[in-house]
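This report refers to the structure that appears directly beneath it.
Please treat every number below as a calculation from the coordinates, not as lab data. Everything quoted here is computed from the prediction, not taken from an experiment. Because the Cβ atoms are built from the backbone with ideal geometry, glycine has one as well, and the counts that use them run over all protein chains shown.
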Amino acid sequence: MWKEKFRIGVSCIDLQHQELFAKTGELLREVNDSVDKHRDTCISTILFLKGYAVKHFADEEKYQKSIRYVNFDEHKKQHEKFIRTVLDHEQKMLAADFDAKSVKAFTGMLVTWLVYHVTDSDQKVGQYKPEAAQAAWSAQAAQAVLAAQSSQAALSALSSPAGLSSQAARSTQSSPAGLSSHAVRSTQSSPAAQSTQSAQPSQAAMSSTSTQAPGGLPAEFGHNHSDMVYRGVLDTLNTMADIEQDSIKLVDICEETFADSVAIEVALSGEVTGYMTFVYPVPMIKKLIFALMNYVPDNVGELELSALFELSNIVGENICGRISRAEGFTADTRPPVLINMHDETPDERILLDTGIGVIETDIVLEHRLPAVHI
Ligand SMILES: [Fe+2]
Ligand SMILES: [Fe+2]
């Protein structure tokens, strides 16, 4: 399973990743052959992987601390969330006495998470250059000192009473920083009033009209999220299946039949509620599984479905993060679930031709304003 692109350039971590991929590959082969036939080996491999992952995360976090990695907290949260997911699967496998269904569900999740995490998040650790960060920080700090000095000089030139100038200088220095983040947020959360409630696929996928709401009101949903969906899908498929930016485009009509497809829903909770539904045609799922696990399945079984759940989880979190940042709301994703297609028309339907198949994304979002107490 190991590929050269997984290498992050830190030898002790790369060796541990190789071991994780080797053992995961072993588990995948056993599961694909027959869980029942290899039941005891599957159990010992799963237990080994659980213990080894915990040790690896501790070592990797130690390394990140040693280089003062800027995204340490966020990375650690990803490790912790994965451990919780593993423990959840462990409970289910124990309850089901490690039957084929529960072991396949664990394996599909494991492979997909591992490929994405090592290729995306761990790669960023390898690319992090503490010296470069230090230099950038020093340059920023120097600029701040120069700006403060010029403010001080300007204030000294004014004929204000002695004793006020230092106070004024402090105000001048502190206000821009305090205002700038607020200003950025206000700009980013500029809402769009264009409703797409009744949009048909062609309109929803192609529309990009947005308008500024008056009075700096909070963002209204119902506006176009095509770009965020595009970026989220691109990020994930580029990492998972080496699909390049040029290969993915928005389309308004899908030539493929969606009769043979799988729909997975990722619900949102928090200040934003609603859901994103991802619909994958089966031929595309087979190509994704080949890219991830190096085999072409005959059909979409428990293992492939579990991999698709994790993939949808990753895409959903990516899109949710973009919406939260752009529109100034907090939202979390819930675990993906398999659904029959909704009868209702979504707020937005976005069709992306990925080069290996068309993914349909249906979005329904509502924001919940905080309660106002008078
Ligand atoms: Fe990691
Ligand atoms: Fe890692």
Fill in: Computed label-point distance, nm, for sites residue 299 and residue 94 using a 7 Å Cα→Cβ extension
3.3
Worksheet entry | Straight-distance crosslink candidates among aspartates and glutamates, where the alpha carbon sits under 15 Å from residue 76 and sequence neighbours closer than 8 are dropped | 59, 60, 61, 120, 122
Worksheet item: Taking the mean number of other Cβ atoms within 10 Å as a proxy for protection, how do you rank 35-46, 268-279 from highest to lowest?
Response: 268-279, 35-46
Response to the item:
Quick calc, residue 18 & residue 227: beta-carbon distance into FRET formula, R0 35 Å, rounding 0.05, result 0.40
Discussion item. For the pairs 77/124; 5/124; 5/62; 81/287; 3/249; 37/101, flag any whose C-alpha to C-alpha distance is greater than 18 Å.
Written reply: 5/62; 81/287; 3/249
